[in-house]
Amino acid sequence: MKYDLFFKLAKEAGIQEAELYINESRSLSVSLFHGEVDNYSDNNGYTILARGIVNGKLGAASCDVWDKEKAAYLVKEIANNGKVIENEDPVIIFGGSPKYKKINTFNKELGNVSIDEKLAKLHELEEKIKAYDERIVEVAGVEYIESSEKVTILNTKGLKLSQQTNYFVYLGQAVARQGDQTKSGYDYLLANDFAKADVAKLAAKIGKETVDQLGGEACESAKYTAILSPDVVKSLVGVLVSHVDAEEVQKQSSLFIGKLDQKVLSSKITIEDKPLNKNVFARWFDDEGVATFNKPIFKNGVLKTYLYNLTTAAKDGVESTGNGYRQGAKMGVSSNFLVVKPGKKSLEELYQSVGNGVLITDVSGLHAGLNPQSGNFSLQSTGYLIKDGKRDRPLDIITISGNLLEVFNNILEVGGDETVFPEGVSTPSLVIKKLAVSGK
């Protein structure tokens, strides 16, 4: 009822179809430095994105407050924008999917946890990181982040959809020093059940990751059998999956043009889009109101689907895959929860299978060091030697290079050590047959 005036005015203005996308959010952030709160913010957000079809063109406008004047403003802007748009892409206001599989992951109890309880765990995290090892000389910062969001879609075709999500993150960063070498490490805990906030375990992970890097030096330059950590796999998989965006295929800028139902990766790897998994990333409809569903993108190395929104699907004469998500003013494509299917071996078992090689735990310079068109990359990295089936000394100042498709076509093993990241990606470690490492 609150938004009826907008649709009434849109009809009077001759707008054929109209839609409102309403995002209501709250974000809480608290950080400590040396035991004192150095940042505290608690903000509510409210954004309305309006779209309408005017003479076959899609006009759009937005606002961050709602009253009758804003309703009239949105209608006027849509009408004006629609007159000047020259884009010939199909324009669609969606009437709804035949069936939706509703999923609820919103934890209303999270909002009932007091700020004092949240702060107490933040202090505990900072104290336990500092106490982990005498070589930890600084806790660079600890932070608690909490986010909740409600998305609502209403349109003139009768579509009415709404979903709420929430989660929290504890994160910390430590600095360790040994001799003249200084290293930093960080980690985080992501959940929406506050009872699962084990900050003592998180502090131990951060402490261990930081001090384990001390004493590192470069290895000899060579091609090594390599284990890529979940964090590194996450970074590379993000680039790989960007090439299954149907818009990139239609623009002839994808590595997978004309490759549907063909084997393009190692048969050991399956990558899935799983928006209906019951976790903090779950979404049962996309930003266009299309029902989402779990699906393989690559199954045993075979490309099974491109990812579509309504516009790119109409261009190819297919159905949307429920991957239409807003990227600023543009309706782009995204996965909600991207999963690299894990194997069964532990990290220690992967060390044994490698024998002698390297473990790559971090890469930097991805945007500058990886060519998205060719897939060639050269990335500054850190990690560890693997010697006689065990993790050995840390590696410092090395560079890995190769080609994205070659890496994913030369997988020997998929680990069982999957890690879920705040970006909405779950990945395990991968063992790569040969990887060029530049060191000494």
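The table that follows gives values for the structure above.
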read-out: Amide H within-cut-off set for Val333, under 5 Å, with H built and near neighbours excluded; value: Tyr325
read-out: Additional length obtainable on full extension of the chain from Asn294 to Lys68, 0.36 nm per residue less Cα span; value: 77.3 nm
read-out: Length released on extending from Tyr186 to Ser242, taking residue separation times 0.36 nm less the Cα-Cα span; value: 17.5 nm
read-out: Two-site label geometry, Glu348 and Tyr40: point separation in nm, points 7 Å out along Cα→Cβ; value: 4.5 nm
read-out: Cut-off 14 Å (backbone N to label point 7 Å along Cα→Cβ of Asn356), residues of the range 376-397; value: 385-390, 392
read-out: Estimated inter-spin distance, Arg393 and Asp4, nm [label 7 Å along Cα→Cβ]; value: 7.6 nm
read-out: Over the chain: helical MRE at 222 nm, DSSP H runs n ≥ 4 each giving -39500 (n - 2.57), nearest 500; value: -6500 deg cm²/dmol
read-out: Amide H contacts under 5 Å for Leu412, placed H, 5+ residues apart; value: Val431, Ile432, Lys433
read-out: Estimated dipole of the chain in Debye, rounded to 20 [Cβ of Lys and Arg +1, of Asp and Glu -1, Cα centre]; value: 1440 debye
read-out: Hz values of 3J(HN,Hα) by residue in the range 294-299 - Karplus curve (6.51, -1.76, 1.60), Gly and Pro given as x; value: 6, 7, x, 8, 10, 10
read-out: GluC sites (Glu not before Pro) lying in DSSP loop within the range 79-161, provided at most 11 other Cβ fall within 10 Å; value: Glu86, Glu88, Glu134
read-out: Sequence-distant residues sharing a close amide H with Arg393 (under 5 Å, placed H); value: Leu385
read-out: For the range 8-23 versus the range 171-207, the gap between their alpha-carbon centres in whole angstrom; value: 49 Å
read-out: Ordering of 352-359, 190-197 by burial proxy (mean other Cβ atoms within 10 Å per residue, highest first); value: 352-359, 190-197
read-out: Sites Thr419 and Gln16 - FRET efficiency at Förster radius 45 Å, r taken between beta-carbons, to 0.05; value: 0.45
read-out: Inter-label distance for Glu86 and Gln252, nm, one decimal - labels placed 7 Å from Cα along Cα-to-Cβ; value: 2.1 nm
read-out: Candidates Lys234, Lys330, Lys11: whichever shows maximal mean-square fluctuation once the chain is modelled as a Gaussian network with Cα springs under 10 Å; value: Lys330
read-out: Size of charge dipole - the range 55-121 - debye, nearest 20, with Cβ of Lys, Arg +1 and Asp, Glu -1, no other charges; value: 340 debye
read-out: At R0 = 35 Å, FRET efficiency that the Cβ-Cβ distance of Ala131 and Lys278 yields, to 0.05; value: 0.45
read-out: Calculated Cα Rg over 2.2 N^0.38 Å (choose from (i) 2.11; (ii) 1.10; (iii) 1.29), label; value: (ii)
read-out: Assigned charges on the beta-carbon of Lys, Arg, Asp, Glu; the range 260-350 dipole about Cα centre (debye); value: 240 debye
read-out: Label-reachable residues, the range 345-374, where backbone N falls under 20 Å from a point 7 Å from Ala436's Cα toward its Cβ; value: 357-374
read-out: Hz values of 3J(HN,Hα) by residue in the range 84-90 - Karplus curve (6.51, -1.76, 1.60), Gly and Pro given as x; value: 9, 6, 10, 4, 9, 4, x
read-out: Backbone HN-Hα couplings from phi across the range 166-183 [Karplus 6.51/-1.76/1.60, Hz, Gly and Pro as x]; value: 7, 6, 9, 9, 9, 9, x, 9, 10, 10, 10, 9, 9, x, 9, 9, 10, 10
read-out: For the chain, built as a Gaussian network whose Cα springs stay under 10 Å, the top-fluctuating residue of Asp417, Asp116, Asp273; value: Asp116
read-out: Cβ-Cβ FRET estimate between Glu319 and Asn23, R0 fixed at 22 Å, reported to 0.05; value: 0.30
read-out: Unit charges at the beta carbon, dipole of the chain: most positive-side option, Gly95, His367, Ile115; value: Gly95
read-out: Unit charges at the beta carbon, dipole of the chain: most positive-side option, Gly439, Ser29, Ile297; value: Ile297
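Taken together, the values in this text are just the output of simple stated rules run on the coordinates, not laboratory data. It should be emphasised that the depicted structure is a prediction, and the values quoted were computed from it without experimental measurement. Please note: Cβ atoms are built from the backbone with ideal geometry, for glycine as well, and neighbour counts cover all protein chains shown.
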